[in-house]
Amino acid sequence: MNREALPEEIRRIRETLEKWSYEYYVLDAPSVEDAEYDALMRRLQQLEKEHPEWDDPLSPSRRVGGRAADKFEKVAHTVPMKSLANVFSREELYGFLDGVRAAVPDPSFAVEYKIDGLSVSLEYENGRFVRGSTRGDGVTGEDVTENLKTVGSIPLILREPVPQLEVRGEVFMPKKRFHKLNEEREIAGESLFANPRNAAAGSLRQLDPGICAARGLDIFIFNVQRVSGKALTCHDESLDWLRSLGFKVSPYRLLRSNEEIYEEILRRGEERGELSFDIDGAVIKTNDFEQRKEIGELPHAPKWAIAYKYPPEIKPTKLLGITIQVGRTGVLTPAAELAPVHLAGTTVSRATLHNADFIREKDIRVGDTVLVRKAGEIIPEVLGVKTEDRTGNTRPFVFPDTCPACGEKVSRDEDAAAIRCTNAACPAQLARNLVHFVSRGAMNVDGLGPAIIEAFLDAGIIRDVADLYTLDREKAAAIEGMGEKSVDNIVRELDASKSLCLSRLIYALGIRNIGEKTAVALARAFPTLDALMEASEEALCAVPDVGKVCADSIIAFFENETNRALIARLKEAGLNTKYLGKAAGTKFAGLTFVLTGTLPTLTREEASRMIEDAGGKVSSSVSKKTSFVVAGEAAGSKLTKAQSLGIPLLTEEELLGKLNDA
């Protein structure tokens, strides 16, 4: 293509992608298939990479995540982001409505959902998104602009070049995405989010926008904070105008009488179970802006608006039985089998009982009448027992001492209430173990992610991690979406992983309480896997970072005959079982390094591992005890602090030079 025509093509592609994003995220009416969108996005990314001179910080390509930040900068809100006062009954609601009528004549009220998410401010200049921040304490928040750029329903460029505009909205995680995220985290052996609000808040505060982009957040805009170049007289007018600019606006109804407002609040409460997002109440706002001024505001909340909070719906039902589920991490979790009960919009017949201690402390027995609710309106849970309804036909529940999935003995965590199966080949936790085994910090098998592993398991091609190294290429290639080339790449990566250091294999085995750094310390202390397998508790506890809890986990793991058989098969497959790094006490011993910015060729994980293999320690923060700061491109506050403390700075090249000397 002619170079002069490239800027126009880039502009056209960006406009098309923004149009498609609006149709998908705001209108929920996509006009193209995902594959067509992805292909055009890849074309844009290619052009932007080849022609950085035409870069735009508001390009749709930024929605997949930009550069990670060292920290979030503070933002002082020009307009305070106040909270709302709450009411919990019809009488309290009517008191608020009648109080507004006493202050101003014939007011109308907008009724909206109270989204259970994270409140944010979005600022625009001349129609372009310039900054996004969290509410914080209402006066000062945090700058999360790069993360908010990844939210598809936030317009980066408005349909009108409004000189100045600040709007307020609620970022949330859709229920389906929340469940999918928790499934992915369970497979990966990570802690689960308690509810969509926690998940949204945790996602928006990720320093890496790429992580936030993958979380699938959404937003509803519900208020104009400040605007120039546009005269607005009432709330419904402002929301309609914001919708015309490209915002996803909070659904509202304009009503007047107490009765119709209360009926609308109840109607919205009844549909909670059917909504794709989480709500915890309804918001009632005086519509006219001049009337709002007359009514006034309190220091922390406006007097012209109120939040009606829905009480958690709790219902009694019969506990028919208790079954044990084995999670991906091996934890045995009791589940209540219930007589079906309608709760928060859905019929519930199963609920969590948390753990054995919860059952004992609440004295929950099979046959009891129990009280059930949906935690965060999502996850059914048993709260307790209606002991007054107990009959002589109830029976206590005895927690099993063997795993119901594999029959192996279970053990209780010393520092927690969890009871878990320690068998690495347990079918209930196999997928999680496989994903962990091939992860970057472990055997680093690129291209073998959770979806492919699940496909291999479903096809019966693999049963444990050792089967990966004798993979049936023909059967693997026959799986939909795979093909011979993909399988060849996976096999090549698996072959390369065989020669990795023993520390990687120790970590990959997924021994309880053993992280990457502890695995390195163990490999240094016990240079062969056989030596580690036969180590005593005393010898293990002598290793730095290894205490009694870790030692007990290691001993329990290697005492399991199934685990020992698995290790024997890994040896037969040719995996290295010797420590390949340098012994502790090398030139970097006693030195602490901090990494900041983007290094030219190394990832932070690679640089950290090289430093630790040479006996050094890597810290996440700069202090007077820091020995060196390794600074790359776009180094931030850590570099500034290091300079103020006079800490020596290293480039990647200088670090590699020191590593070679070491």
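The values are calculated or read from the model by the stated rules, or taken from the named source; none is laboratory data. Remember, predicted model here, so these are calculated numbers, not experimental data. All Cβ positions, even for glycine, are placed from backbone atoms using ideal geometry, and neighbour counts span all protein chains on display.
Condition check ((1) surrounded by 15 or more Cβ atoms within 10 Å (Cβ to Cβ); (2) outside the structural domain of residue 488 (by TED's automatic domain parsing); (3) at positive phi) across all residues:
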{"position": "406", "(1), (2), (3)": "yes, yes, no"}
{"position": "418", "(1), (2), (3)": "yes, yes, no"}
{"position": "447", "(1), (2), (3)": "no, no, yes"}
{"position": "455", "(1), (2), (3)": "yes, no, no"}
{"position": "458", "(1), (2), (3)": "no, no, no"}
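Kindly check whether there is at least one residue in the range 597-618 that is in contact with a Lys or Arg (Cβ under 8 Å, 6 or more places away or on another chain), farther than 23 Å from residue 439 by Cα and polar (S, T, N, Q). No, the range 597-618 contains no residue that is in contact with a Lys or Arg (Cβ under 8 Å, 6 or more places away or on another chain), farther than 23 Å from residue 439 by Cα and polar (S, T, N, Q).
Between 530, 545, the distinction of being under 16 Å from residue 507 (Cα atoms) and either in the same structural domain as residue 641 (by TED's automatic domain parsing) or assigned to a loop (DSSP other than H, G, I, E, B) (or both) belongs to 545 only. Considering the range 556-607, and only residues there that are closer than 16 Å to residue 504 by Cβ and among the polar types (S, T, N, Q), the residue that is modelled with the lowest pLDDT turns out to be 603. Going through (1) surrounded by 13 or more Cβ atoms within 10 Å (Cβ to Cβ); (2) touching a helix residue (DSSP H, G or I) at 6+ places or on another chain (Cβ under 6 Å); (3) at pLDDT below 90 one by one, residue 506 falls short only on (3).
Being farther than 24 Å from residue 482 by Cα, under 25 Å from the mean Cα position of the chain (by Cα) and in a helix (DSSP H, G or I) narrows it down to one residue among 428, 451; which is it? Within the list 428, 451, the selection yields 428. Give the number of residues within the range 150-167 that are closer than 25 Å to residue 61 by Cβ and not in a loop (DSSP other than H, G, I, E, B). Residues flagged as closer than 25 Å to residue 61 by Cβ and not in a loop (DSSP other than H, G, I, E, B) within the range 150-167 amount to 3.
Listed by position, the strands (runs of 3 or more DSSP E) contained in the range 107-149 that have at least 2 residues being in the same structural domain as residue 209 (by TED's automatic domain parsing) and in contact with a helix residue (DSSP H, G or I) (Cβ under 9 Å, 6 or more places away or on another chain) are 109-115, 118-125, 128-134.
Residues in the range 381-404 that are in a helix (DSSP H, G or I) and either in contact (Cβ under 8 Å) with a residue 24 or more places away in the chain or surrounded by 12 or more Cβ atoms within 10 Å (Cβ to Cβ) (or both): 387, 389. Select from the range 304-329 the residues that are more than 17 Å from residue 90 (Cβ to Cβ) and β-branched (Val, Ile, Thr) and list them in ascending order. Result: 314, 317, 322, 323, 324, 326, 329. Within the range 455-490, being within 17 Å of residue 570 (Cα to Cα) and not aliphatic (A, V, I, L, M) holds for 463, 464, 467, 469, 470, 472. Only one entry in 145, 150 is crowded, with 16+ Cβ neighbours inside 10 Å, in contact with a Lys or Arg (Cβ under 6 Å, 6 or more places away or on another chain), under 21 Å from residue 278 (Cα atoms) and hydroxyl-bearing (Ser, Thr, Tyr), namely 150.
Condition check ((1) surrounded by 18 or more Cβ atoms within 10 Å (Cβ to Cβ); (2) of a type in the set (Val, Ile, Thr); (3) touching a residue at least 60 places away in the same chain (Cβ under 8 Å)) across all residues:
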position	(1), (2), (3)
603	no, yes, no
606	no, no, no
612	yes, no, yes
621	no, no, no
633	no, no, no
636	no, no, yes
649	no, no, no
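Within the set 243, 253, the sole residue that is in the same structural domain as residue 160 (by TED's automatic domain parsing), in a strand (DSSP E or B) and surrounded by fewer than 20 Cβ atoms within 10 Å (Cβ to Cβ) turns out to be 253.
When each of 14, 42 is tested for being touching a residue at least 40 places away in the same chain (Cβ under 8 Å), part of a helix (DSSP H, G or I) and outside the structural domain of residue 242 (by TED's automatic domain parsing), the lone residue that passes is 14.
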